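Participant: A single structure is presented below for examination.
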Amino acid sequence: MDSETVVAPSAAGAPPQHGHVEHHFEDASQQKDAATVGMWVFLVTEVMFFGGLFLAYFAYRQAYPVAFASASNNTNLLIGAANTTVLICSSLTMALAVHFAAIGKKNLIVLFLILTLLLGGTFLSVKAYEYHDKWVKHEVPGYNFDCRTDTGAPCADAAHTPLFFSLYFGMTGLHAMHMIVGVGILLFLITQARKGRYTPAWHTPVELFGLYWHFVDIVWIFLFPLLYLIDRSAMPK
Amino acid sequence: MIAATPPTEIKKNFFNQKQGLASWLLTYDHKRIAILYLLGVTFFFAIGGIFAALIRLELATPAGDLVDSNTYNKFFTMHGIIMVFLFLIPSIPAVFGNFLIPLMIGAKDVAFPRLNLLSWYIYMIGGLFIITVLLMGGVDTGWTFYTPFSTSYSNGYVVAAGMGIFIAGFSSILTGLNFIVTIHRMRAPGLTWFRLPLFIWAHYATSMIQVLGTPVIAVTLFLLVLERGLHIGFFDPAYGGDPVLFQHMFWFYSHPAVYIMILPSMGVVTEIITTFSSKKPFGYTFIAFSSVAIAVFGFIVWGHHLFVSGQSAYAGMVFSVLSYIVAIPSAIKVFNWTATMYKGAVRLTTPMLYALGFIGLFTIGGLTGLFLASLGMDVHLTDTYFVVAHFHYVMVGGAIMGFLGGIHYWWPKIFGKMYNEGWSKISAVIIFIGFNLTFFPQFLLGYMGMPRRYHVYPPEFQVLNVLSSAGASVLAIGYLIPFCYLLYSLKYGPDAPPNPWGATTLEWKTQSPPITQNFEVTPVVTQEAYTYTTEEVVHVG
Amino acid sequence: MGEKSFELFPVAASSIAGHVDALYAYLVLVSAFFSLLIAFCVVFFAVKYRRKGDELPKPVDEHSIGGMVLEIVWSVIPLGLSLVMFAWGASIFFTESRPPADSLEVFVTGKQWMWKIQHIEGAREINELHVPVNRDIRLTLTSEDVIHDFYVPAFRTKTDVLPGRYTTEWFRPTKIGAYHLFCAEYCGTKHSGMVGTVYVMNEADYEQWLSKGSGEGSMAEEGQSLFNQLGCGTCHPSEINKQNGRCPNLNGLFGTTVELNDGTKVKADEAYIRESVLYPQAKIVAGYDNIMPTFKGLVTEDGLLKLVEYIRSLGPAEGMPSSATPVPTQTSGPQPPAQPTANSRAANGRAGAAPANRAAPGNQ
Amino acid sequence: MPNHEKSAEHHVVPKRIYFGVFFALVVLTWVTTYVSTIDLGRWNIFVALAIAIFKASLVALFFMHVFYSARLTKMIVTAAIFWLTLLLFITMADFWTRGWMGVPGR
């Protein structure tokens, strides 16, 4: 179902024999260039994939601003902001892992990949807590859905709030699935890095995975304001 | 009629360099993967064709006397899904693109051979889903899956069909990604962008659409499946969801998808016309850039499918004028092909017949598109048989004529055998006549007002429908003949020389069929494409 | 329509049909010209420049035969011709999009697989639409389930019928007769059975048909009784200009601009009334509290149209004067509608004539 | 193979740039969170999106090295943004202009 499951082989995919140039490439530089361009083109498809969801979000927000504002108020601002920070930290550790791969510090690659893994895991755990919270509060569309404010009153324009929560789960769910795939690839990279497979001359998998991880971060950078922040203040209290 | 090289000892080629089923199913060779795709698309074309035959059979009479309405609806839905997603979209890119792009750019393979094989498996898994749906009882939404019918009212296997298309979509994305990287990074020394064959330009443009558009249909179907499977609402009017939003998202991909089908075909036709006119294509840069222009403009016209659907009238106006702008690059191509023949040395071989047939049918298909882009006209014509006729002229008259032209043009290169020119010319003519007989009456039906997807229709439409059904049977015969003589040629056909047509592109500079590595020595390109010299002249046609 | 078994061109029976046919003629001419031009060139070149022997053609210098000029010519001429198509089509479309002010109102509800039609005076029909000739007819359409499309080929017009929304279609029939009505948007199993007949009658026949009509009262009257039945009047004051402080006064509302409590303004049109009944919290009028309960599930689409019509009848004078249209008052009683003059196919799906449709207004 | 233009992939970005970007991202996250509690009326969404776009640009340019990358990479990124804009804006043009005509459904 998720696109990465399909493409993971390419992400992790560069040559199995490390630094070896495959038969159909002229040289290592061509091989690395091809892998990098391939990864970027793949990220373009990801942009368009999430683009469809963003489109649905904007269209319905335009149509039902009251419902979106009131439903958005039911998300936990503090948790959202904290989790955003966690993800930004993981982006930093990932960038540093790539950095140390490029200058050949084996132990530091492993360290920062593990840190990235832990931060990603933290993000996912918090997300799971939020989902559970929504389930308990009957905020899952289609399953005893009932949007209520903190005071127990029905949300404003409650009839249209399922659209917001459908999009909330659709967007964050797809994002989380990308994270889960990322965590899987991270585990693989860590075992490889421990064996010292990545050298300044050849560390394409780490580099390409970094692109993927940062992309997932960028998606969240947009999801956070759209789902948690917008029109929070505009709600009549 | 063929001055083939005298038979010598069996040469090494990509067929015989490795043997056994496993060597095929685990191959990373782009040429073998192309042949795997050829088997796949031919299989699905046959299935889709059977449904087409059943549809035309039912419509021979105004009453619903062959099957009931529910079954009929499943027929046209399965016909549409299989033909669009499992035949037309992969057909030329995955078969000829795969086989020829590395050969034409002097590379040993595509950039990501493993990914290429994976694409084929993904395609087959997606196809398997669709076949499963078929065996379980089908789906009745139409290939367009409009909500809320598909999400809340259909009694077919919408989730499984949606999943099948979703999966097959990733095959298309990966193929496009592979080609883009290959064309950017794998060209032979000296092969600059403006020395590339126009086939490559067409495939580059196609790949852009595959990469940029397909993810949007994927996410749209993903939401559709979630809504139907988990009852959470994205498009459901009960929650205030907007069915028109679904249509926007659907057509954002599905309109450019038409160009996924037709652009590669245009690439094939360009190659054929230049070869059989023995002349450089007229306006190389215009043909090249018009491919890219079609790919870009193709993305901003989708709203012309929504003129009567509740879209705002102002949006409709913008989409209408943009639709006319995308017509111009297509017109440029047609004029340039025609001008290529001017003062050429024209040989009416079978591929050339298909290419000329393509020009005729695509011209009609494109011009009738102008009718549908005109707002006031479209209000009357949309959702009628006029639309059905129009897109069959483009997709069958265009894409399939290009596919068949390509088969006949590159058959000697792919399989190293020559086929029977007499039979192939007869079948080309039969297909052309049968096609027009099938689909031209549908233009008239459409203007008369016969809506599409009608199982039962008023009796005054019968005469034209009978004509159309009769044409379909001629067309079916036309499609069956090539099966026979092409298969025959595999065993009994004379061996093909490396360059039977006197063509100039790189794939003809290696043996037929090529060796696994494509070229003994990586070719170095020193001149523009399509420089015809006398040593290339071969006595054929 | 049915007498002839074979025809090649549809009858033109509306004021717009002639314009559409003229545009069609232009498009056919342009297409035929270019198709024949290309076909001629292809065949002519194929014969004239047939390859003889091994001679290769001399390379043609594109510049010497004005390659660039040619490219520009064959880009610009088609572009010009197409922009004419665009402008012509757009002007027809905008005419089709703006119903004339004094149109006769008809309300259409599509459901799988039938058309339910209500006339403003109260007559109701299924899969049939009776209209007078040479009057502008404005349809307001909605669907109870999936997307349908109201298509009358003889009028050259169609519009999608969407669930949860109103769409509009108008035409002015110019020729007396019976014409096909098709559902043009695929809507499920019996899509091809969702057909009917539009009867265009002269004014006298039409009034006679109306007088034999089966309606209880006008749509506005039925809307009013539904309004009272649902208890709307207990809060929304019914006397003009009276305010009770809890609910907005609906007199003189229709067509005006309403200010909402978040400061935005919205026009009180059909869609607004519909939304306010079903989703009262979505738009709250400035100065009022969010106290109205939803009537979703309590009112059918037919009933909603009646409520809308009732509120429209309370509307300001500049609104649609449809309710002021001079039409004879309805006689009540379950009489069959005018005898069909159509052939048997028109009866396809005509499961219940008007009497069968005499459900209680609104809720059922 | 003509295009072995030495892409700047081997360019090693100094660590302080990473830390600077990181610091900016964290600060902006809390700024946008704080701003969301102030009612700016219709500007709420624009401010939030402007900050998000700025943050995303930082990630793309420095963490993802687009700033130091080959022209082709920049073109690909531009194409993604361009097509996303097409999808969002052209579709929204429909939603924005509905009701302009004052005729339901037009």
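No value in this document is a laboratory result; all are computed from the given coordinates. All figures in this text were calculated on a predicted structure; none of them were measured in a lab. All Cβ positions, even for glycine, are placed from backbone atoms using ideal geometry, and neighbour counts span all protein chains on display.
Participant: Evaluate peptide B:68-77: per residue, the Cβ atoms of other protein chains within 10 Å of its Cβ; return the mean as an integer.
Facilitator: If you average over the peptide's residues, the count of other-chain Cβ atoms is 2.
Participant: Still on this structure, I have one more. Using label points projected 7 Å from each Cα along Cα→Cβ, tell me how many nm separate residue C:28 and residue C:8, to one decimal.
Facilitator: 0.8 nm
Participant: Along Cα→Cβ, 7 Å out, is where each label goes; now give me the distance between the ones at residue B:67 and residue C:228 in nm to one decimal.
Facilitator: Placing both labels 7 Å beyond Cα along the Cβ direction yields 5.5 nm.
Participant: Of C:111/C:212; C:111/C:283; B:279/B:413, which pairs sit farther than 23 Å apart, going by alpha carbon to alpha carbon?
Facilitator: Exceeds cut-off: C:111/C:212; C:111/C:283.
Participant: What full-extension length gain, to one decimal in nm, is calculated for residue B:433 and residue B:522 as 0.36 nm per residue of separation minus the Cα-Cα distance?
Facilitator: Answer, rounded to one decimal: 27.6 nm.
Participant: Give, as ranges by residue number, the residues of the range B:10-49 whose backbone N falls under 18 Å from the point 7 Å along Cα→Cβ of residue B:495.
Facilitator: B:10-18
Participant: Separate question: Given a Förster distance of 60 angstrom, what is the FRET efficiency for residue A:187 paired with residue C:267, based on the Cβ-Cβ distance and rounded to 0.05?
Facilitator: Efficiency at R0 = 60 Å is approximately 0.55.
Participant: Moving on. Among A:28, C:178, C:288, whose Cα sits farthest toward the positive end of the charge dipole of the protein assembly as shown (+1 at Cβ of Lys/Arg, -1 at Cβ of Asp/Glu, about the Cα centre)?
Facilitator: Farthest towards the positive pole: A:28.
Participant: In addition: Round to the nearest 0.05 the FRET efficiency obtained for residue A:150 and residue A:199 when R0 = 51 Å and r is the Cβ-Cβ distance.
Facilitator: Once the sixth-power term is evaluated, E becomes 0.40.
Participant: To test your reading of the geometry: what angle, between 0 and 90 degrees and rounded to tens, separates the Cα axis of helix B:350-373 from the longest principal axis of chain B?
Facilitator: The answer is roughly 30 degrees.
Participant: Label the range D:13-66 by shape, choosing from rounded, prolate and oblate, from the square roots a ≥ b ≥ c of the eigenvalues of the Cα gyration tensor; if a/c is under 1.5 it is rounded, and otherwise prolate applies when a/b is larger than b/c, oblate when it is not.
Facilitator: oblate
Participant: Relative to the first principal axis of the alpha-carbon coordinates of chain D, what is the inclination of helix D:43-58, with its axis defined by its Cα atoms, in degrees from 0 to 90 and to the nearest 10?
Facilitator: Roughly 20 degrees between the two axes.
Participant: Treating the angle as unsigned and between 0 and 90°, give the value, to the nearest 10°, between the Cα long axis of helix D:71-85 and the longest Cα principal axis of chain D.
Facilitator: 10 degrees
Participant: Follow-up question, since we're still on this one. Would you tell me the mean number of C-beta atoms belonging to other protein chains that fall within 10 Å of each C-beta in B:140-148, as a whole number?
Facilitator: Other-chain Cβ atoms within 10 Å of each residue's Cβ, averaged: 3.
Participant: In addition: At a threshold of 8 angstrom on Cα-Cα distance, excluding pairs fewer than six apart, so keeping six or more, what relative contact order does the range C:219-320 reach in percent?
Facilitator: 36 percent
Participant: I'd like to know which of B:341, B:516, C:247 lies farthest towards the positive end of the charge dipole of the protein assembly as shown, counting +1 on Cβ of Lys and Arg and -1 on Cβ of Asp and Glu.
Facilitator: B:516
Participant: Out of A:215, A:101, A:205, whose Cα points farthest toward the positive end of the dipole of the range A:26-229 (charges: +1 Lys, Arg; -1 Asp, Glu; placed on Cβ)?
Facilitator: Among A:215, A:101, A:205, the one farthest towards the positive end of the dipole of the range A:26-229 is A:101.
Participant: Which chymotrypsin sites (Phe, Trp or Tyr not before Pro) does the range A:141-237 hold that lie in a coil by DSSP with at most 12 other beta carbons within 10 Å?
Facilitator: Taking the range A:141-237 and a limit of 12 other Cβ atoms within 10 Å, the loop chymotrypsin sites (Phe, Trp or Tyr not before Pro) found are A:143.
Participant: Multiplying the sequence separation of residue C:102 and residue C:76 by 0.36 nm and subtracting their Cα-Cα distance, what value in nm do you get?
Facilitator: On the way: separation 26, 0.36 × 26 = 9.36 nm, distance 4.33 nm.
Computed gain between residue C:102 and residue C:76 is 5.0 nm.
Participant: Distance between Cα centroids, the range A:97-126 to the range B:227-241: provide it in whole Å.
Facilitator: 40 Å
Participant: Given +1 on the Cβ of Lys and Arg, -1 on the Cβ of Asp and Glu, and no further charges, what dipole in debye does the range A:26-229 carry about its Cα centre, rounded to the nearest 20?
Facilitator: The dipole magnitude comes to about 520 debye.
Participant: Could you size up the charge dipole of the protein assembly as shown around its Cα centre, putting +1 on the beta carbon of Lys and Arg and -1 on that of Asp and Glu, and report it in debye to the nearest 20? If you can, show how the numbers build up before the last one.
Facilitator: Working: 78 positive and 79 negative charges, 598 e Å.
My answer is approximately 2880 debye.
Participant: Label-point separation (nm) for residue A:82 and residue C:207, each offset 7 Å from Cα along Cα-to-Cβ?
Facilitator: Modelled inter-label distance: 7.9 nm.
Participant: Per DSSP H run of n ≥ 4, the term is -39500 (n - 2.57); total these for the protein assembly as shown, divide by its residue number, and report the mean residue ellipticity at 222 nm rounded to 500 deg cm²/dmol.
Facilitator: -18500 deg cm²/dmol
Participant: If you don't mind, another one. Taking the beta-carbon count within 10 Å as an exposure proxy, list C:157, B:206, B:61 from fewest neighbours to most.
Facilitator: B:61, C:157, B:206
Participant: A further question follows. Give, in nm to one decimal, the length gained when the segment between residue B:135 and residue B:292 is fully stretched (0.36 nm per residue of separation minus the Cα-Cα distance).
Facilitator: 52.5 nm
Participant: Based on the alpha-carbon gyration tensor of the protein assembly as shown, what equivalent-ellipsoid semi-axes (square roots of 5 times the eigenvalues) come out, in whole Å, largest first? Kindly include the intermediate steps, with their values, before the conclusion.
Facilitator: On the way: eigenvalues 555, 364, 113 Å².
Largest first, the protein assembly as shown gives 53, 43, 24 Å.
Participant: Further question: Between residue C:43 and residue C:95, what FRET efficiency comes out of the Förster formula 1/(1 + (r/R0)^6) with R0 = 25 Å and r the beta carbon distance, rounded to 0.05?
Facilitator: 0.05
Participant: Now a separate question. Can you work out the base-10 log of I(q)/I(0) for chain B at q = 0.07, 0.11 1/Å, using the Debye formula on its C-alpha atoms alone?
Facilitator: Debye output, listed in q order: -0.38, -0.97.
Participant: If you don't mind, another one. Going by Cα centres, the range D:11-60 and the range C:90-111 are how many Å apart?
Facilitator: Computed from Cα coordinates, the inter-centre distance equals 49 Å.
Participant: Among the complete DSSP H segments of chain A, which ones combine at least 15 Å of alpha-carbon extent along their axis with a mean Kyte-Doolittle hydropathy of 1.0 or more?
Facilitator: Once both thresholds are applied, what remains is A:77-102, A:161-194, A:204-224.
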